[in-house]
Structures are given as C-alpha cells and as structure tokens.
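Peer 1: I have a structure here, written as structure tokens, and I will follow up with some questions on it.
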Number of protein chains: 2
Amino acid sequence: MSQARLMDGTSLARRILEETGKRAAGLTERTGTAPCLATVLVGEDPASVTYVRMKQNRCRKAGITSRHVALPAATTTEELVGTLEALSADPGVHGILLQHPMGEHIDERAAFEAIAPGKDVDGVTFASFATMSFGLPGFVSCTPGGVMRLLDEYGVDPAGKRAVVVGRSAILGKPAGMLLLARDATVTYCHSRTRDLSAAVREADIVVAAVGRPRLIRGQDVKPGAVVIDAGYNPGNIGDVDFDSAAERASLITPVPGGVGPMTIATLLEQTVDAAARQLGAAGV
Amino acid sequence: MSQARLMDGTSLARRILEETGKRAAGLTERTGTAPCLATVLVGEDPASVTYVRMKQNRCRKAGITSRHVALPAATTTEELVGTLEALSADPGVHGILLQHPMGEHIDERAAFEAIAPGKDVDGVTFASFATMSFGLPGFVSCTPGGVMRLLDEYGVDPAGKRAVVVGRSAILGKPAGMLLLARDATVTYCHSRTRDLSAAVREADIVVAAVGRPRLIRGQDVKPGAVVIDAGYNPGNIGDVDFDSAAERASLITPVPGGVGPMTIATLLEQTVDAAARQLGAAGV
C-alpha cells in the first residue's frame with residue numbers, strides 16, 4: 001500500500017512556466033526585446049533533436065525567442081567553440097543551450113567553457129559549478145536546480161538533514177550534492193564504487209537518485225519517512241527508484257514521469273529570463 | 001597507549017621539495033629561465049607577512065625565483081584585480097600566490113578569478129575547483145592536494161572507502177572531499193549544521209578534519225583502524241583532532257605540527273614548477 005505523498009513536478013513546472021511567461025512578456029514590453037535562448041545541436045541524434053524541439057516549443061509558449069543553430073555531425077571542437085564564442089558575444093542572445101551528449105570526437109568540456117558564464121542558463125560551465133558549490137549567485141544546472149525547487153515546494157528544509165546523492169556526474173549528481181550542502185545538509189556521495197549502497201542510502205533523510213540504473217534503489221533501502229527524489233532517466237520511463245516499494249516507506253516521493261523531469265525545462269526557461277533581465281538592465285523583472 | 005602509525009608530513013614534504021628543487025634546476029638549465037612564483041600580499045597582517053616570507057624562503061631553497069608584490073592595506077578590489085591580471089599576462093611569472101584572507105573591503109572571489117587558471121598554483125580559482133571536482137588535469141588547492149599525497153605515501157587507497165570530511169570551506173573542506181570522490185571514495189561532508197557529528201565520523205574509514213575547531217574530533221568518534229588526517233589549524237599548534245585519544249584507535253594519524261602543514265608549501269612549489277615547465281614548453285621536466 002502506497003503511503004508517500006507525491007511530489008508533483010508537472011504542476012510545479014507549469015506554474016513556474018506561467019510565471020516565467022509573465023516575466024518574459026513584461027521584459028519584452030519594457031525593453032522592446034524578447035528574451036532569446038540559442039539552442040545549439042551538433043548532428044542529428046533523434047533523441048537530441050526531440051529534446052531541442054521540446055525546449056523550443058516551451059520557449060515559444062513562454063514568449064522566449066529561440067534561435068537554433070544546427071551544426072553537422074562532422075563539426076570539429078574548434079568550429080563548435082567558435083560558434084559558442086560568437087553566441088556568447090552576441091547581444092541578441094541572452095542564454096545558450098548546448099545540447100549534449102555530443103559526438104565522441106568533440107571535446108565537450110572545451111565546448112562548455114566557450115559559453116560565457118552570464119549566458120550559461122543550462123549551468124554546465126566550470127564557473128556555474130563553482131558558484132553552485134560555494135553558494136554564490138549564478139546559474140544552476142537545470143535538473144539539480146529543479147530538485148531543489150521541488151524540495152522547497154514541499155516544505156523540505158535540507159538544513160541539518162542527511163542527504164545521500166547516488167551518482168556523481170558533472171551535471172547531475174555532483175551539483176545536486178553541492179546545492180544540498182550549500183543549504184546545510186550533511187551530504188554523502190555514493191556511486192558505482194560504494195561498497196554498501198543500501199546501508200548508505202538507509203541513513204538518508206533525503207535521497208537523490210541520479211545514476212541512470214533502473215530501479216537501483218528499493219524500498220528496503222529507504223529509511224521510513226525519507227524524502228525520495230528520482231532524478232534517474234532510463235529507457236521506458238523507468239527511474240532509478242523502484243517506485244512501488246519505495247513509496248511504502250517514503251514520506252514524499254517523485255513519480256517517473258512527472259517528477260523531476262518537467263522541472264528541468266522550467267528551470268532552463270526561468271534562468272533564460274533571469275539572464276535576459278540582467279543583460280537588458282531590467283534585473284527587477 | 002598510542003597505537004597508530006604517524007603520517008610524517010615533514011619528511012614527505014622534504015622529499016617533495018628536494019625533487020622539486022632538482023626539477024627547477026633542470027628547467028633553468030634547459031630553458032635559461034628559473035621558475036618564478038609571484039607572491040601578492042595586501043596590507044601588513046603579521047601572520048600573512050610571516051606566511052609569505054616562509055614561502056619565499058622555501059622558493060629560494062628550491063631554486064624558484066619569487067617576485068613579491070606588496071600592496072597597501074587600502075588597495076581596492078579593482079586595483080588588486082589589475083595587479084593580478086598583469087601578473088597573469090606577464091610571461092616572466094609562472095605561478096601566482098595571493099595571500100589570504102585579505103581585508104574585509106576586498107572582494108576575494110573577484111581577486112581569485114583574476115588569476116589565470118594556468119598560473120593558479122595555489123588552486124583557488126573556480127576553474128581549479130571544477131577540475132579537481134571533475135577529476136580533470138589542473139592545479140589542486142595546496143592543502144587538500146597535500147592530504148592526497150600523504151594518503152598515497154602511506155598506501156591508503158580511497159577507492160570504495162567511506163571518507164568523512166569535517167568542514168566545507170572553499171579552499172580546504174570542499175576540494176578535499178572532491179579529490180577523495182574523484183579517487184572513488186564514498187564521501188560525506190559534515191559541518192556546523194551536522195546533527196550527530198560523532199555518529200557520522202564513526203562511519204569513516206578516512207577522516208579529514210578541516211574545520212578549525214580545537215580537538216573537535218575525539219578518540220571515541222574514531223572507528224577502530226581508521227585513517228585520521230588533521231588539516232585543522234588553531235592557535236597554539238592545536239589541531240581539530242584530539243591526538244592522544246584518536247591515536248589509540250586510528251591505524252594512521254597525522255601529528256600537528258608535522259603532518260598536513262608542511263605538505264601545503266611543498267604542493268605549492270611543486271605546482272609552480274609544473275606551471276613553469278608547461279609555460280616554458282618543457283612539460284617533461
């Protein structure tokens with residue numbers, strides 16, 4: 001019998017997008033310029049094409065212009081860096097999204113670092129990682145930022161709590177842990193080399209699963225009353241958490257889909273409007 | 001009765017400095033240029049003056065030129081940034097050390113970010129923090145880097161072990177945890193808001209105390225056989241660990257002084273020679 005309350009990312013994301021749309025309209029009215037997100041895609045990977053199209057559609061609905069740059073699969077790192085530097089210098093572009101992963105031949109880190117930190121609305125640069133880590137103003141990685149918004153929405157204050165992040169990727173696990181640490185949680189990072197994952201997860205008041213292994217976290221690993229955030233993405237809309245068994249012990253849990261997923265785009269668009277407001281000198285909007 | 005084996009930072013640092021001196025001499029011979037560390041000090045805080053002088057003395061012994069820039073206490077952030085940008089652009093300077101903490105009126109982060117990442121031999125920039133965090137090539141913060149060298153020297157492989165870092169400062173606790181995570185430890189960050197510090201520390205195979213509270217970690221908090229690293233600095237040469245009681249349970253422990261302390265300067269000088277070798281096109285040295 002399921003007891004946990006659901007953390008409804010779909011409806012929270014909808015509200016954020018509505019608010020973001022209002023801010024975008026206000027900004028456009030006041031400055032004569034609509035916020036603009038540049039989307040950059042290398043190659044034609046079908047999943048990436050779909051993701052970019054979703055983001056463009058959401059932009060349109062929110063009154064954010066999107067400018068798409070489609071580059072051939074054979075684009076070199078140098079060419080990609082040149083494109084990103086040009087967008088970084090272009091006053092008509094306020095935020096930059098570089099869709100990833102990219103082809104093996106591209107130095108992903110060199111590409112990310114060509115994005116000006118002030119336009120890094122996807123939170124992928126060294127500078128954004130560091131500002132997240134040090135609790136300084138800056139853009140957050142969108143999925144971890146969305147996780148924090150969900151916690152806030154459901155009244156979960158991380159301060160003093162034990163948080164366990166399963167996964168340590170540069171755009172998901174690592175920044176999620178740093179954002180929780182900046183909010184005064186006692187944070188543990190677990191990963192593929194962790195010896196007794198179940199024991200570590202059982203210590204957690206807040207679990208963030210962000211590893212991309214279907215149903216890795218089971219109900220028996222969940223401390224009764226814990227908050228369980230499933231940020232995993234696996235084929236077939238399966239999360240990193242075994243929902244049914246975890247929901248029997250958690251107090252709050254995100255569903256998959258409809259939990260963390262929708263928060264990612266909402267955070268991206270919100271940060272695009274933040275960036276535009278700052279660049280257009282209308283920071284109060 | 002003390003049972004733990006001592007981790008002798010003094011002798012390891014001496015060996016690193018000897019090796020660094022040989023590399024500096026080789027580099028000078030091959031390129032006609034000695035490695036050069038710029039030291040920048042704002043004001044005349046006696047402790048800071050002493051630290052800078054120690055670093056200059058060590059440089060001299062190792063065959064590293066040091067160029068000292070003494071700025072008045074009233075220096076503005078803008079002026080300091082200008083100085084650091086000039087040093088960053090100066091081909092005669094290979095590494096930059098900005099002594100900190102600085103006066104309250106200075107934006108420390110703006111100053112750090114004016115240091116070119118390729119000369120950030122003290123590991124204080126956003127870029128260095130991110131490369132440490134992502135396990136990428138780059139300079140490490142000197143004290144956490146020294147901690148990792150001590151672990152290596154004493155055959156402690158962090159992979160799969162539970163490491164607990166007590167403290168989360170930008171130059172000590174946070175990077176120490178990230179370096180341990182990059183070496184596959186399961187890492188927990190504890191701090192002033194951690195609810196049951198003793199319980200968290202008792203889980204640790206490796207404890208890094210880096211918080212600046214005298215004798216915070218006592219023997220009863222140490223898991224039998226754990227490795228205890230005391231990176232705390234408190235007046236009177238007192239560490240963050242209660243040495244006598246901790247040594248009864250630990251397998252390895254750093255003394256204070258003579259443990260982590262000497263490793264910091266050794267790492268700084270080693271990284272200065274690394275930076276010079278790269279900039280002088282003699283990376284093999």
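The values are calculated or read from the model by the stated rules, or taken from the named source; none is laboratory data. All figures in this text were calculated on a predicted structure; none of them were measured in a lab. Cβ atoms come from the backbone with ideal geometry, glycine included; neighbour counts cover every protein chain shown.
Peer 1: Of everything in the stretch A:133-147 that's small (Gly, Ala, Ser) and under 14 Å from A:Ile171 (Cβ atoms), which residue is farthest from the other protein chains (Cβ to nearest Cβ)?
Peer 2: Top of the filtered list is A:Gly146.
Peer 1: A follow-up question, please. Test each condition in (1) part of a helix (DSSP H, G or I); (2) within 25 Å of A:Arg23 (Cβ to Cβ) for A:Ser245 and report the one that comes out false.
Peer 2: (2)
Peer 1: Looking at (1) in the same structural domain as B:Pro158 (by TED's automatic domain parsing); (2) at pLDDT below 95; (3) closer than 21 Å to B:Asp122 by Cα; (4) more than 13 Å from the chain's Cα centre (by Cα), which one does B:Pro235 not meet, given that it meets all the others?
Peer 2: (3)
Peer 1: So B:Gly92 passes all but one of these: (1) away from chain A (no Cβ under 12 Å); (2) closer than 24 Å to B:His68 by Cα; (3) crowded, with 24+ Cβ neighbours inside 10 Å. Which condition number does it fail?
Peer 2: (3)
Peer 1: Shifting gears a bit: Let me confirm something: among A:Ala62, A:Ala47, A:Ala70, which residue is of a type in the set (Gly, Ala, Ser) and under 18 Å from A:Glu270 (Cβ atoms)?
Peer 2: Details: A:Ala47 fails: under 18 Å from A:Glu270 (Cβ atoms); A:Ala70 fails: under 18 Å from A:Glu270 (Cβ atoms).
Going through A:Ala62, A:Ala47, A:Ala70 in turn, the sole match is A:Ala62.
Peer 1: With the structure loaded, tell me whether B:Ile96 is outside any helix (DSSP H, G or I), in contact with a strand residue (DSSP E or B) (Cβ under 8 Å, 6 or more places away or on another chain) and under 14 Å from B:Thr272 (Cβ atoms) or whether it fails that test.
Peer 2: Against the criterion (outside any helix (DSSP H, G or I), in contact with a strand residue (DSSP E or B) (Cβ under 8 Å, 6 or more places away or on another chain) and under 14 Å from B:Thr272 (Cβ atoms)), B:Ile96 qualifies.
Peer 1: How many residues does the stretch B:23-41 contain that are over 15 Å from B:Asp122 (Cβ atoms) and either aliphatic (A, V, I, L, M) or surrounded by 14 or more Cβ atoms within 10 Å (Cβ to Cβ) (or both)?
Peer 2: Result for the stretch B:23-41: 10.
Peer 1: Looking at the stretch A:6-22 only, could you name the residues that are in contact with a strand residue (DSSP E or B) (Cβ under 8 Å, 6 or more places away or on another chain) and surrounded by fewer than 19 Cβ atoms within 10 Å (Cβ to Cβ)?
Peer 2: Listed by number, the list holds a single entry, A:Leu6.
Peer 1: Ok, one more. With respect to B:Arg67, is the statement that it is under 17 Å from B:Gln279 (Cβ atoms), more than 18 Å from the chain's Cα centre (by Cα) and either outside any strand (DSSP E or B) or modelled with pLDDT under 95 (or both) true? Please lay out each step first, then the result.
Peer 2: Numbers: under 17 Å from B:Gln279 (Cβ atoms): yes; more than 18 Å from the chain's Cα centre (by Cα): yes; either outside any strand (DSSP E or B) or modelled with pLDDT under 95 (or both): no.
Considered against the rule, which asks whether it is under 17 Å from B:Gln279 (Cβ atoms), more than 18 Å from the chain's Cα centre (by Cα) and either outside any strand (DSSP E or B) or modelled with pLDDT under 95 (or both), B:Arg67 comes out as no.
Peer 1: Given (1) assigned to a loop (DSSP other than H, G, I, E, B); (2) in contact (Cβ under 8 Å) with a residue 24 or more places away in the chain, where does A:Thr83 come up short, assuming only one miss?
Peer 2: The one condition A:Thr83 does not meet is (1).
Peer 1: Among the residues of the stretch B:102-133, count how many are closer than 14 Å to B:Ala275 by Cβ, free of Cβ contacts under 8 Å to residues at least 24 places away in the same chain and of a type in the set (A, V, I, L, M, F, W, C).
Peer 2: So the answer is 1.
Peer 1: Within the stretch A:70-80, which residues are touching a residue at least 12 places away in the same chain (Cβ under 8 Å) and not in a helix (DSSP H, G or I)?
Peer 2: Step one: filter the stretch A:70-80 for residues touching a residue at least 12 places away in the same chain (Cβ under 8 Å), giving A:70-73, A:75-77, A:80.
Selection gives A:Ala70, A:Leu71, A:Pro72, A:Ala73, A:Thr75, A:Thr76.
Peer 1: Now, a different point. Can you pull out the residues in the stretch B:199-211 that are part of a helix (DSSP H, G or I), more than 8 Å from every other protein chain (Cβ to nearest Cβ) and surrounded by fewer than 24 Cβ atoms within 10 Å (Cβ to Cβ)?
Peer 2: Matches in the stretch B:199-211: B:Ala199, B:Arg202.
Peer 1: Continuing with this model, one more query. Look at the stretch A:42-57 and say how many of its residues are crowded, with 20+ Cβ neighbours inside 10 Å and outside any helix (DSSP H, G or I).
Peer 2: Residues flagged as crowded, with 20+ Cβ neighbours inside 10 Å and outside any helix (DSSP H, G or I) within the stretch A:42-57 amount to 1.
Peer 1: On the basis of being away from chain A (no Cβ under 11 Å), of a type outside the set (Lys, Arg) and part of a helix (DSSP H, G or I), does B:Ala111 make the cut?
Peer 2: On the way: away from chain A (no Cβ under 11 Å): yes; of a type outside the set (Lys, Arg): yes; part of a helix (DSSP H, G or I): yes.
Taking the combined requirement at face value, the residue satisfies it.
Peer 1: State whether the residues of the stretch B:2-12 include one that is free of Cβ contacts under 8 Å to residues at least 60 places away in the same chain, over 22 Å from B:Ala89 (Cα atoms) and hydroxyl-bearing (Ser, Thr, Tyr).
Peer 2: yes
Peer 1: How many residues does the stretch A:174-198 contain that are more than 7 Å from every other protein chain (Cβ to nearest Cβ) and either among the basic types (Lys, Arg) or crowded, with 24+ Cβ neighbours inside 10 Å (or both)? It would help to see each step written out before you state the result.
Peer 2: First, the residues of the stretch A:174-198 that are more than 7 Å from every other protein chain (Cβ to nearest Cβ): A:175-180, A:182-183, A:185, A:191-192, A:196-198.
Applying the additional criterion that residues be either among the basic types (Lys, Arg) or crowded, with 24+ Cβ neighbours inside 10 Å (or both) yields A:175-180, A:183, A:185.
Looking only at that region, the number is 8.
Peer 1: Only one of these is surrounded by fewer than 20 Cβ atoms within 10 Å (Cβ to Cβ), more than 13 Å from the chain's Cα centre (by Cα) and within 11 Å of chain B (Cβ to nearest Cβ): A:Ala163, A:Ala116, A:Ala159, A:Ala130. Name it.
Peer 2: Result: A:Ala159 is the single residue among A:Ala163, A:Ala116, A:Ala159, A:Ala130 that is surrounded by fewer than 20 Cβ atoms within 10 Å (Cβ to Cβ), more than 13 Å from the chain's Cα centre (by Cα) and within 11 Å of chain B (Cβ to nearest Cβ).
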